[in-house]
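Quick note: the coordinates plus some simple rules give every number you see, no bench work behind them. Here the structure is a predicted model, which is why all the values come from computation and not from measurement. A quick note on method: Cβ atoms are made from the backbone with ideal geometry, for glycine too, and the neighbour counts reach across all protein chains shown.
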Amino acid sequence: MQRKVPSAIANITLNRATFTDVLIDGLTFVNFFYGNNGAGKSSIAHAIAEDDGVVWADGKTVDDFDVLVYNQDFINDNFVNYGDLKGVFIFGEEDIEAKKKIAELTNQKKQKMDARQTALDEYKKKSDGLASALTQFQDTCFSKTASIRRRFEKCMDGKKQKKNFAEAVLGEVKPIDHDLAELERLYDVAFDDSARAYPEFKKAAATTYGSLPGKDLLDRMIVSSSDTPFAKFMKALGDTASDWVRDGHTHYAGAAGGKCPYCQQRLPANFEADIAATFDAQYQQDIRDLGQFQTIYERETREIVRAIQANASDVMPTIDLMAYQEKLALLESNFEINRQRIAEKVKEPSKTISLEDTDTLLLEIGAMIDEINKQIKANNDVVSAKRSSKTKCKTEIMQYLAFMLAADVKSYQDEVARLQKEIEDVTERGKKLKKEIGDLTTEISALNKHNANTEAAIDSINKILRDSGFQGFGIRAKTGVENVYEVIREDGSVAENLSEGERNFIAFLYFYHQVRGSMSSEEIKEKIVVIDDPVSSMDSTALFLVSAIVREMVNVCRNNTEYLNPKVPGDYIKQLFVLTHNVYFHREVTYQQVGYYNCTSFYMIRKNDNISTIKLCKRQSKEIPSEEENYNPVQNSYAALWDELRDLQSTIPALNVMRRILEYYFLQLCGYEGSDLREIVLDEHRNKFIKQVEGEKPDMTDYQLASSLLAYINNPNGISDGLNYVEDCEDVEAYKRVFKMIFDALGQIQHYWQKDRVLIILDG
């Protein structure tokens, strides 16, 4: 059975936007995601960028890779200022000797890293051996002494677990073969239960809260001093307005979908920025300090109560604890009141509070503990003589048990000594290898730094721009600033008003060269590359070039597997994610990729009723039933529409898809005009959509449904642009039935019934 071979990221669990506990499994080296706009593609890109819900394979972490994400955020972050673009270091192609040296050192480093991993594996094996030897020794000690430990049970306090007992045996420095009968007589006298000692009460640790950050905030109002218009508006409403805004935004902003949770009006585009600017740095610091104070106060007050309450677990019967318990209850109550007041302050920072006095109560409880301990000590002095007999008995019993186990102790200690020597040896070997790896890394970095430059990226980007017809602009090194680019027009001026398509294209070229090189002159890491809808607003030429570049990245990534492409140098892309809603781009980059089952995966992203799902596109092989195979979810856009219609249960989305199917098939494939199609169906075949029962009024329901389906055919302002017509019928199945009737009326029912076979033929 074929299997998906995992790469750096093994799987991702999404809990953001319209995803809830959605697992993306089956991830391998190359991963293609297709979904309509708004389906949730960007959530996947953000999750990878933020290492959110990501499970890494083979003990790797995000720190082991350069995670590069091309999306709208990348464009916005890098192309705000066209005159200040960070240089991309491309590592020298022309210095053959340097490259050979780097390759040689890199190979040595890999060998050293493999050797160090072997040493680490040995270390773990030896460490596991130590743990196993200890477990076996503990079992042996426990089983051989079972009957004696039962006889002298009261001498086993603190040694009733295997671990503790074995430690006591190993810690016995004077094993002696005592007379067992004498030990039994001593035990029976010493452990008479008529009298006993009791533990003294412990006081709570002194805690001072006055010096903690945030304590001084309790009795003063925390309000923002921001001078933004929105902040001024809130101040005009009163000091508590900021609390109301902050609390409402915290609880509802993420779930409100860009609307006000109170009036349901669409919020302005700059609303989040206004909210953020309203609460200045000092306000935020005060909130953090207050939260820190709350955390410490809750933790330490609970610990104080726990410590004082623990005193009552073993109390001398003659001690009256009523007053002590009452005082403790009052202390606990005051602590709880204070915790509630602090919580209110956290919830409403503008509120001022004061704390109930607990220091006096602690002093009073401490005085009570002093008196109680006087009674306990007097009792314990009485039984001290008996205690010495108990101590003698406990000592001699452990000496006797250690004598019994002397041979086992010797065997265990010899085994430990042997394993520890081996661990020391492998540890030293690992340290040496680590240093050698560090030295090699330094040497490689030095060679890379010497061999790296930012000019190669300039030349490469400008060549691609020229070759692709984008001759109105390019990039150059910024004068007087090291390793910085600027985007310029033909006249040498800094470009400021590139079209969206131009900006997106040069942004992708910039990203591509980051993938090929590095943002630093040091040693480059393997790359995790995420490409999220790169062809927005690009013309066909740019789309073609971007597709070709992405196919190159696919081959570079696949060079990490057995499917090597000697025409594509390098294997620096460890894993690749391509996400798009563009059918044509998807078909370009996935051309001939379906067959690479082990190292390539296809996914379909859908959203229904504001819930997003992700499907791994694999199925049983038609040629080899025992194997699985990939399938591309996008045979063509028409096929995708039929597939989408099968799952839709909401009226408006289903209407949109049905309209698009009718438009594509009858207008583009069959050659009908939009108006002709409506006329033929609604006039020439009118009676097929009207139910006539003798003596009753004609039922026009199906006719009206057909009319609404055809009303938007070839209409640029129709359903696809917002559905400005509200249907009276909300029965999806009724629309699907009439949709079928239209195919039947036009003599195309065979296409309807055999659409799966037809779609395969259409797709070629």
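Between K351 and D64, the FRET efficiency from the beta-carbon distance, with R0 = 35 Å, is close to 0.15. Here the calculated FRET efficiency for H178 and L23, from their Cβ-Cβ distance with R0 = 60 Å, stands at 0.40, rounded to the nearest 0.05.
Here each label is just a point 7 Å from Cα along the line to Cβ, and for S389 and E364 those points are 4.5 nm apart.
Listed by chain and number, the lysines whose C-alpha is less than 23 Å from the C-alpha of K386, apart from same-chain residues fewer than 8 away, are K154, K159, K160, K374, K377, K394.
Could you please rank V550, V5, placing first whichever residue has the fewest other Cβ atoms within 10 Å of its Cβ? Mind dumping the intermediate values first?
Numbers: V550 23, V5 16.
Listing V550, V5 from fewest to most nearby Cβ atoms yields V5, V550.
If you average 1/r over all unlike Cα pairs in segment 102-198 and invert the result, what Kirkwood radius do you get in angstrom? Provide the component values of the computation, followed by the final result.
Details: mean 1/r = 0.0560 Å⁻¹.
Taking every pair of different Cα atoms in segment 102-198, averaging 1/r and inverting gives 17.9 Å.
Set the bar at 30 Å for Cα to Cα. Now go through K410/K435; K4/K101; K126/K432 and name every pair that lies beyond it. If you can, show how the numbers build up before the last one.
On the way: K410/K435 37 Å; K4/K101 35 Å; K126/K432 19 Å.
Table pairs above 30 Å Cα-Cα are K410/K435; K4/K101.
Fully extending the segment from T106 to M221 would add 35.4 nm, taking 0.36 nm per residue of separation and subtracting the current Cα-Cα distance.
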